[in-house]
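Peer 1: So that we are looking at the same thing, I have put the structure below in structure tokens.
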Amino acid sequence: MNQPRPLVAGNWKMNGLRASVSEAEALARRLEGNKTVETQVMICPPATLVALLAAALDGNSILIGGQDCHINPSGAHTGDIAAEMLADAGASAVIVGHSERRADHGETSKAVRAKAEAAYRAGLTAIICIGETEAQRKQGETLNVMSEQLSGSLPGAAVSGNTVIAYEPVWAIGTGLTPTLDDVGEVHQHIRTELTGRLGADEGAAMRILYGGSVKPGNAAELMAVENVNGALVGGASLKADDFWGIISVYSGR
């Protein structure tokens, strides 16, 4: 089976003001000027910029995603945002279960699954994040944690067309640390095996598995070359067009 088309998604986290639109527009010009880049590109800005970026990039190939959503389509949930609202603002995907949400907001895999189901309801792709802590890795629990988080977070309706898995070792996010290439390969192979066991050979092979955790222009090429790595979920390096392009361009002419 052919490899799934790669996806490089930028998670801006709680960064970005209206002036940041210029970075996205600069990235769009880079993509327009290089038709050999064989990957999908997505930016997931804070909710305040979703509609603004969607309008600014209208007609461009860059996709827009949200960073989180509520499980309900509407209601008395002050400060939350529904998946339907993100779709209405121009998003085509939403990140759910990022480790910062799991840690800072106590999100369980059950809650992540409900959010992924909300994304499907709104016609969005769910980018489901999983990853182990440093303590779990030191205890040799990484693969067990992957199995548990996948089992708890992946809805029954998940297919390759509505779901992307992002593996982000918690201890590598924003720290400058990355696992070895062998470690990345082992975890991604384990995730692939879990997916094919659950979804069947075809769907399991077609679902994209992204790597995230201190991905930078300097290490992107070797990380993206690892088997079963179908792109990247990029944090800080996605905030500047030059840095983000340095990662995206790894897929130029492949």
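Peer 1: Please give the FRET efficiency for LEU17 paired with ASN219, using the beta carbon to beta carbon distance and R0 = 30 Å, rounded to the nearest 0.05.
Peer 2: Working: r = 29 Å, r/R0 = 0.95.
Plugging the Cβ-Cβ distance into 1/(1 + (r/R0)^6) gives 0.55.
Peer 1: Right, another one. For the chain, would you read off the P(r) tail past 30 Å as a percentage of all alpha carbon pairs? If you can, show how the numbers build up before the last one.
Peer 2: Working: 6474 of 32131 pairs.
I get 20 percent for the Cα pairs in the chain exceeding 30 Å.
Peer 1: I want to make sure I understand the PRE zone here: with the label point 7 angstrom from the Cα of GLU227 toward its beta carbon, which residues in region 159-202 have backbone N atoms less than 16 Å away?
Peer 2: 181-196
Peer 1: Sticking with this structure for a sec: How long is the gain from GLN3 to SER61 if the chain were fully straight, where each residue apart is worth 0.36 nm and the alpha carbon distance is subtracted?
Peer 2: Details: separation 58, 0.36 × 58 = 20.88 nm, distance 2.05 nm.
Full extension of this stretch gives 18.8 nm more.
Peer 1: Taking amide H positions as placed 1.01 Å from N in the peptide plane, with prolines and chain starts having none, which residues 5 or more places from ARG208, or on another chain, fall under 5 Å of its amide H?
Peer 2: The list, which skips near neighbours in sequence, is ILE165.
Peer 1: Relative to the present Cα-Cα distance, how much length would full extension add between LEU177 and ARG30 at 0.36 nm per residue of separation?
Peer 2: 50.1 nm
Peer 1: With point charges of +1 on the Cβ of Lys and Arg and -1 on the Cβ of Asp and Glu, referenced to the Cα centre of the chain, which listed residue (SER99, LEU31, GLY213) lies farthest in the positive direction of the dipole?
Peer 2: Sorting the options by dipole projection puts first LEU31.
Peer 1: Normalising by the residue count of the chain, find the relative contact order in percent from Cα pairs under 8 Å and 6+ residues apart. Don't skip to the end; give the middle numbers.
Peer 2: On the way: 512 pairs, mean separation 56.9, N = 254.
That works out to 22 percent.
Peer 1: At 0.36 nm per residue, and after removing the present C-alpha to C-alpha distance, how many nm does the segment from SER252 to THR48 gain when stretched out fully? The partial results should precede the final answer.
Peer 2: Working: separation 204, 0.36 × 204 = 73.44 nm, distance 3.14 nm.
Here the answer is 70.3 nm.
Peer 1: Decide, for region 96-245, between rounded, prolate and oblate: order the square roots of the alpha carbon gyration tensor eigenvalues as a ≥ b ≥ c, take rounded if a/c falls under 1.5, and otherwise choose prolate if a/b is larger than b/c, else oblate. Before the final figure, lay out the partial values.
Peer 2: Numbers: a/c = 1.32, a/b = 1.29, b/c = 1.02.
Taking the square roots of the gyration eigenvalues as a ≥ b ≥ c, region 96-245 is rounded.
Peer 1: Using the alpha-carbon centroid of each, what span in Å lies between region 188-217 and region 99-177?
Peer 2: So the separation of the two Cα centres works out to 12 Å.
Peer 1: Need the list of lysines near LYS240 for cross-linking: C-alpha distance under 22 angstrom, and skip anything on the same chain fewer than eight residues off.
Peer 2: Correct list for LYS240: LYS13, LYS35, LYS216.
Peer 1: Bins of 5 Å, beginning at zero and ending with the bin holding the largest distance: percent of Cα pairs per bin for region 161-201, please.
Peer 2: For region 161-201, the binned pair fractions read 5, 20, 23, 22, 16, 10, 4, 0 percent.
Every number here is computed from the coordinates shown, using simple stated rules; none is lab data. Since this is a predicted model, take the numbers as computed values, not measurements. Please note: Cβ atoms are built from the backbone with ideal geometry, for glycine as well, and neighbour counts cover all protein chains shown.
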